[in-house]
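Asker: Have a look at this one.
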Amino acid sequence: MSAPQTPWPYPRWIAHRGAGRLAPENTLAAFRLGARHGYRMLECDVRLSADGTPFLLHDDTLDRTTDGDGPAADQPWAELARLDAGGWHSPHFAAEPLPTLADLAAFSLAQPDGHWVNLELKPSPGTAELTGRTVARHAQDLWNGRPGHTPLLTSFQPEALAGALAAAPALPRGLLVDRLADAPDADRSWLDTAARLDCCAVVLQHRLWNADRVTLARQAGLRCLTYTVNEEDEARRLLTLGLDGLITDRVDRFDPRTG
């Protein structure tokens, strides 16, 4: 098995949406809690407001994780900034706001020794290339001067990664994969897509990883990451395979200083 040639500075354990389920996802409260549990790499979802501000939210709509409603892409940032993004989780987090990408950068770079971030590009319908291009450009500017903590950009949507590649080719990219076709050449598709987009990593749903796929990825010079790993037996299996990154909700279960 050949080793990837791309240097890999990122921690192995990655906190999903900040602190998994212990705090309202994609908020500074969640990132603070993830950091308190010892996690030095935080994953989050980034999309665009109606006026082009990159901010953190997983869903296309506001209903599940804020007191707003309707498509997030329809609202300018001034309106989104007024929403409560914490009360849905528990009263303790009521009035927690949606953060911008700039807020996340300020938080991560203010931590002792800095914190790494995995920015998942989450385009609203019809905005994949624009989202990738805009988020990558902002990320490059926000983390400029701290090359030791360069963000990792990932997406399920190749068009978003293509936009990121065009806008900020120096930022590392990873292709997210949630399912594979039941066909003899199924692995060829994600390998070809990752190569076309000059990705340094692939991030497969955890059940998709096996020794053969790790070998294929390594032979292509790719790092191997996975999501979302919450069970100890599965974590041990994936660590035995030698994966480079495990994204987890269970920041209270896994010690990021081990494995």
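Asker: So which residues in segment 117-140 are surrounded by fewer than 23 Cβ atoms within 10 Å (Cβ to Cβ) and either without any contact (Cβ under 8 Å) to a residue 60 or more places away in the chain or assigned to a strand (DSSP E or B) (or both)?
Answerer: Of everything in segment 117-140, those that are surrounded by fewer than 23 Cβ atoms within 10 Å (Cβ to Cβ) and either without any contact (Cβ under 8 Å) to a residue 60 or more places away in the chain or assigned to a strand (DSSP E or B) (or both) turn out to be Gly126, Ala128, Glu129, Arg133, Arg137, Gln140.
Asker: Can you tell me which residue is farthest from the chain's Cα centre (by Cα) among those in segment 25-35 that are over 18 Å from Leu153 (Cβ atoms) and of a type outside the set (A, V, I, L, M, F, W, C)? Let's see the steps before the verdict.
Answerer: Narrowing segment 25-35 to residues over 18 Å from Leu153 (Cβ atoms): 25, 27-30, 32-35.
If we keep only those that are of a type outside the set (A, V, I, L, M, F, W, C) too, we end up with 25, 27, 32, 34.
Details: Glu25: 12, Thr27: 14, Arg32: 16, Gly34: 14 Å.
Checking each candidate, the answer is Arg32.
Asker: I've got another one for you. Report, by residue number, each residue of segment 36-69 that is more than 16 Å from the chain's Cα centre (by Cα) and either basic (Lys, Arg) or within 17 Å of Asn118 (Cβ to Cβ) (or both).
Answerer: Arg36, His37, Gly38, Arg64
Asker: Residues to consider are Leu191, Leu216, Leu204; find the one that is at pLDDT 95 or above, closer than 18 Å to Asn118 by Cβ and not charged (D, E, K, R).
Answerer: Working: Leu191 fails: closer than 18 Å to Asn118 by Cβ; Leu216 fails: closer than 18 Å to Asn118 by Cβ.
The match here is Leu204.
Okay, residues lined up against (1) under 23 Å from Ala105 (Cα atoms); (2) in contact with a strand residue (DSSP E or B) (Cβ under 6 Å, 6 or more places away or on another chain); (3) of a type in the set (A, V, I, L, M, F, W, C):
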site: Pro151; (1), (2), (3): yes, yes, no
site: Thr154; (1), (2), (3): yes, yes, no
site: Ala164; (1), (2), (3): yes, yes, yes
site: Leu216; (1), (2), (3): no, no, yes
site: Asp233; (1), (2), (3): no, no, no
site: Arg237; (1), (2), (3): no, no, no
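Asker: Determine which single condition Leu98 fails, assuming it passes every other condition in (1) more than 19 Å from the chain's Cα centre (by Cα); (2) in a loop (DSSP other than H, G, I, E, B).
Answerer: Of the numbered conditions (1) more than 19 Å from the chain's Cα centre (by Cα); (2) in a loop (DSSP other than H, G, I, E, B), the odd one out for Leu98 is (1).
Asker: Given (1) in contact with a helix residue (DSSP H, G or I) (Cβ under 7 Å, 6 or more places away or on another chain); (2) closer than 21 Å to Leu153 by Cβ, where does Ala195 come up short, assuming only one miss?
Answerer: Failed condition: (1).
Residues are listed down the side, and each one gets a yes or a no for (1) of a type outside the set (A, V, I, L, M, F, W, C); (2) closer than 21 Å to Ala15 by Cα; (3) touching a residue at least 24 places away in the same chain (Cβ under 8 Å):
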{"position": "Ala183", "(1), (2), (3)": "no, no, no"}
{"position": "Asp198", "(1), (2), (3)": "yes, no, yes"}
{"position": "Arg213", "(1), (2), (3)": "yes, no, yes"}
{"position": "Glu232", "(1), (2), (3)": "yes, yes, no"}
{"position": "Arg236", "(1), (2), (3)": "yes, yes, no"}
{"position": "Asp244", "(1), (2), (3)": "yes, yes, yes"}
{"position": "Asp252", "(1), (2), (3)": "yes, yes, yes"}
{"position": "Arg257", "(1), (2), (3)": "yes, yes, yes"}
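Asker: Next question. For segment 116-134, which residues satisfy the criterion of being over 14 Å from Ser49 (Cα atoms) and touching a Leu at 6+ places or on another chain (Cβ under 6 Å)?
Answerer: Val117, Asn118, Leu119
The values are calculated or read from the model by the stated rules, or taken from the named source; none is laboratory data. Bear in mind that the values here come from a model prediction, so they are computed numbers and not experimental data. Note that each Cβ is placed from the backbone with ideal geometry, even for glycine, and that neighbours are counted across all protein chains shown.
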